[in-house]
Amino acid sequence: MRADKTRDPHGIKWELLGAIAEYCSCRAWRGSEGYVFCGLKSDADYATWLLDHLTTFVQGELANYLIGCLAPKGERRRLIRSYVLGTTCSIANLLDAPKPIPTSSNSRDLIVIRTEAIADKMKKLGIKVRTVHTRRRYVDPDAYDAGIKAGKRANIGRPVAEGATMNRLSGAHVRT
């Protein structure tokens, strides 16, 4: 499933991509037409929705933060980057919180099968994902802390009721 290829000048989607993919049991990468999630259709759909939803949340919180910011123009870029990093880091921590483990006897088998199915599909599509390490940047501690507080208010709940059936893996799902 491809996430919207909307303008993202602050790199919010990139900062959230890995945490959302792991939370939704998917693999993710940046393709030529946007961000791609590979997994069960229901998981990829949820990951795509969550990426768009949380990006909109961070953008709204950033706008609210900047309204009260009286920093000179030269400082704003660093403050924006620091705030976005704080918010996305806080959201990643929410997504990384322990999830309840299913109690059925084959719960571990399902995880292994899902992981293998995703790896097989990516191999079939010829997709190789590599880890990207970013360089460290100086962040403004106050803006970063304000972002951490904002990120704790994020809602990561599903947009539909629980209990939907699981769809089979059909590949990298595309939405344009």
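Listing for the model above:
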read-out: Some residue of the range 81-90 being within 15 Å of GLY157 (Cα to Cα) and of a type in the set (Phe, Trp, Tyr); value: no
read-out: Any hit, the range 23-34, residues being in contact with an Asp or Glu (Cβ under 8 Å, 6 or more places away or on another chain), within 19 Å of ILE156 (Cβ to Cβ) and either part of a helix (DSSP H, G or I) or acidic (Asp, Glu) (or both); value: yes
read-out: Long-range neighbours under 7 Å by Cβ, at least six apart or interchain, first residue within 11 Å of ASP145 (Cα to Cα) within the range 72-91, second surrounded by fewer than 13 Cβ atoms within 10 Å (Cβ to Cβ); value: SER90/LYS152
read-out: Condition check for LYS41: closer than 20 Å to VAL139 by Cβ and charged (D, E, K, R); value: no
read-out: Test: residue in the range 107-127 that is of a type outside the set (Phe, Trp, Tyr), at pLDDT 65 or above and part of a loop (DSSP other than H, G, I, E, B); value: yes
read-out: Count - residues of the range 35-60 that are touching a strand residue (DSSP E or B) at 6+ places or on another chain (Cβ under 7 Å) and under 20 Å from VAL84 (Cα atoms); value: 4
read-out: Matching entry among VAL139, VAL84 (being assigned to a helix (DSSP H, G or I), touching a helix residue (DSSP H, G or I) at 6+ places or on another chain (Cβ under 8 Å) and at pLDDT 70 or above); value: VAL84
read-out: Any pair with Cβ under 9 angstrom, 6 or more apart, that starts in the range 146-161 at a residue that is within 10 Å of ILE91 (Cα to Cα) and at pLDDT below 90 and ends at one that is part of a loop (DSSP other than H, G, I, E, B) and of a type in the set (Val, Ile, Thr); value: none
read-out: Flag if LEU70 is loosely packed, with under 14 Cβ neighbours inside 10 Å and closer than 21 Å to ASP142 by Cβ; value: yes
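The values are calculated or read from the model by the stated rules, or taken from the named source; none is laboratory data. These numbers come from a predicted model, not from an experiment. Backbone-built Cβ (ideal geometry, glycine too); neighbour counts: all protein chains shown.
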